[in-house]
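Below is one structure, written out as structure tokens, with a few remarks after it.
What follows is calculated from the coordinates using simple rules that are stated; it is not laboratory data. Everything quoted here is computed from the prediction, not taken from an experiment. Here Cβ is always computed from backbone atoms with ideal geometry, including for glycine, and neighbour counts include all displayed protein chains.
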């Protein structure tokens with residue numbers, strides 16, 4: 001089964017990327033893999049404190065994932081898969097794509113700020129020529145209705 005890989009983070013544009021991935025997966029018979037990356041700088045404290053922070057980050061990720069997963073199940077009939085990795089986000093995305101041969105499309109949400117679409121979109125755009133799969137950038141300003149119209 002072809003999976004749409006979408007990144008779960010703290011950004012607002014993440015919501016549109018999730019919606020797009022779920023709607024496309026539902027229409028094409030694919031799946032959704034949700035990747036959340038815990039950056040290494042969050043754990044540069046003492047070992048004990050770092051472990052507590054790592055566990056708290058995983059709990060936050062799981063709580064956010066459950067919100068999206070419920071919507072995907074209820075509205076799109078999709079059962080998403082959660083993958084949590086630790087490291088530099090752009091590198092972890094590339095590693096996940098290389099390690100899972102079922103991932104067929106990367107979906108990222110673009111920010112609406114004047115300073116650009118966001119660091120992840122910028123970094124992945126630079127790597128686009130060497131990616132083994134295509135990727136889609138979903139505008140953060142698109143409404144739910146506009147997303148439904150293009151899916």
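Summing -39500 (n - 2.57) over the DSSP H runs of n ≥ 4 in the chain and dividing by its residue number, what mean residue ellipticity at 222 nm do you reach, to the nearest 500 deg cm²/dmol? So the helix-based figure for the chain works out to -14000 deg cm²/dmol. Multiplying the residue separation of residue 136 and residue 148 by 0.36 nm and subtracting their alpha-carbon distance yields 2.8 nm. Each peptide in 27-38, 108-119 gets a packing score, the mean of other Cβ atoms within 10 Å over its residues, and the list from highest to lowest is 27-38, 108-119.
Listed peptides 76-83, 97-104 appear in the order 76-83, 97-104 once ranked by packing, highest mean of other Cβ atoms within 10 Å at the front. The smallest convex shape that holds all Cα atoms of the range 6-112, its convex hull, gives 100 Å³ per residue. Normalised by the number of residues in the chain, the average gap of Cα pairs under 8 Å and 6 or more apart makes the relative contact order 33 percent. Structural size metrics of the range 93-149, computed from C-alpha coordinates, are Rg and Dmax of 12.7, 36 Å.
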